[in-house]
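*Asks:* Encoded as structure tokens, here's the structure I'll be asking about.
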Number of protein chains: 2
Amino acid sequence: MRSDCPLNYGLEIFGDKWTLLIIRDLMFFGKRYYNEFLSSNEGISTTVLADRLALLEKQKIIKKQKDPEHKQKIVYSLTQKGIDLLPIIINIGMWSSTYSKKVSDKMECYFADIRKNFEKGIAALKAELSATHLE
Amino acid sequence: MRSDCPLNYGLEIFGDKWTLLIIRDLMFFGKRYYNEFLSSNEGISTTVLADRLALLEKQKIIKKQKDPEHKQKIVYSLTQKGIDLLPIIINIGMWSSTYSKKVSDKMECYFADIRKNFEKGIAALKAELSATHLE
DNA sequence: CCGGATCCGTTTCGATACTG
DNA sequence: CAGTATCGAAACGGATCCGG
């Protein structure tokens, strides 16, 4: 049996609880700063967070940039490769809601959170665009 | 930020390397016996294998039955809930082949393995059906 | 023989405290 | 604020043993 099957490449990401949580936070909850990841309810520790951020950056799933406005801050964001994980994350959510009543009951609250976050993102984008326009 | 989001339910499965490998072996490589899982190239140890099989059974993703032919053997197989993980596994494979040349080059060999295994499964099914028909 | 359970040395993880 | 250093806890791998 061959060991180099396609699943294995994804295993470094999907075989780890914390990387998935970081991706979820970036994708749905608009978290971008080290501190924001730390304060997620699952309670990731600083050691593990630093380790996983480095791993995800090495894999080019996220990228690390200096915040142009607050020089001391560092902004993390998804690359295209990271964004392309969306269908997988969605599928996991769908599977979960099919098989866990607890999850399916909470779906609406969850969507509300995501929606709210997207609105926030769109507002930020608008502000950014109008600032560019004024220059 | 709510912690009980849909991803979390799937995390016990997708947050662990070994459970994913067992599911892959069941889904694509036709493995069914304890020994067959042990001999996968990734080298799972007996302790971890027993632990994960128990976890997956508890989660009703796999089921455990006595082999009707060889009484001392135990057959593991996917439940419907387990089979429903297929879209996710496929998506992971697609994502991997998009972003890893090493993976995409090997895709055809991988498909050949799966195809061969399905043929084996279909042959077994035919044999089973004709035996039933003869009774 | 097959599917595990137990024991044990080693590796990895993670919580807390601390630093540039 | 974004991480390292340290150190105890947990997980892992391998060998061995055991019940059916």
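*Asks:* In the range B:19-36, how many residues are among the hydrophobic types (A, V, I, L, M, F, W, C) and within 8 Å of chain A (Cβ to nearest Cβ)?
*Replies:* Number of matching residues: 4.
*Asks:* What's the number of the only condition in (1) in a helix (DSSP H, G or I); (2) over 12 Å from the mean Cα position of the chain (by Cα) that B:Met27 fails to meet?
*Replies:* (2)
*Asks:* Right, B:Gly15: within 7 Å of another protein chain (Cβ to nearest Cβ), in contact with a Lys or Arg (Cβ under 7 Å, 6 or more places away or on another chain) and not β-branched (Val, Ile, Thr) or not?
*Replies:* Yes.
*Asks:* Count, please, the residues in the range B:1-12 that happen to be under 19 Å from B:Leu86 (Cβ atoms), within 7 Å of chain A (Cβ to nearest Cβ) and either within 14 Å of the chain's Cα centre (by Cα) or not aliphatic (A, V, I, L, M) (or both).
*Replies:* Qualifying residue count, the range B:1-12: 3.
*Asks:* Just checking, how many residues over the range A:30-45 are part of a helix (DSSP H, G or I) and surrounded by 13 or more Cβ atoms within 10 Å (Cβ to Cβ)? So that I can check it myself, show each step before the final result.
*Replies:* The initial filter retains those residues of the range A:30-45 that are part of a helix (DSSP H, G or I), namely A:34-38.
Now narrow it down to the ones that are surrounded by 13 or more Cβ atoms within 10 Å (Cβ to Cβ): A:34, A:36-38.
The total comes to 4.
*Asks:* Looking at the structure I just gave you, is B:Leu26 of a type in the set (A, V, I, L, M, F, W, C), touching a Phe, Trp or Tyr at 6+ places or on another chain (Cβ under 9 Å), farther than 24 Å from A:Gly43 by Cβ and at pLDDT below 95?
*Replies:* Considered against the rule, which asks whether it is of a type in the set (A, V, I, L, M, F, W, C), touching a Phe, Trp or Tyr at 6+ places or on another chain (Cβ under 9 Å), farther than 24 Å from A:Gly43 by Cβ and at pLDDT below 95, B:Leu26 comes out as yes.
*Asks:* Another question, if that's okay. What is the number of the single condition among (1) within 13 Å of DNA strand C (Cβ to nearest atom); (2) in contact (Cβ under 8 Å) with a residue 24 or more places away in the chain; (3) of a type outside the set (Asp, Glu) that A:Ser40 does not meet?
*Replies:* Among (1) within 13 Å of DNA strand C (Cβ to nearest atom); (2) in contact (Cβ under 8 Å) with a residue 24 or more places away in the chain; (3) of a type outside the set (Asp, Glu), A:Ser40 violates only (2).
*Asks:* Being surrounded by fewer than 23 Cβ atoms within 10 Å (Cβ to Cβ) and among the aromatic types (Phe, Trp, Tyr) is the filter here; which residues of the range A:6-27 pass it?
*Replies:* Selection gives A:Tyr9, A:Trp18.
*Asks:* Further question: Return the pairs, sorted by first residue and then second, in which the second residue is of a type in the set (Phe, Trp, Tyr) and not in a helix (DSSP H, G or I), the first residue lies in the range B:11-23 and is within 15 Å of DNA strand C (Cβ to nearest atom), the beta carbons are less than 9 Å apart, and the residues are 6+ apart or on different chains.
*Replies:* Between residues of the range B:11-23 that are within 15 Å of DNA strand C (Cβ to nearest atom) and residues that are of a type in the set (Phe, Trp, Tyr) and not in a helix (DSSP H, G or I), the close pairs are B:Ile22/B:Tyr76.
The values are calculated or read from the model by the stated rules, or taken from the named source; none is laboratory data. Nothing here was measured: the structure is a model prediction, and the numbers come from that model. Neighbour counts run over all protein chains shown; Cβ positions are idealised from the backbone, glycine included.
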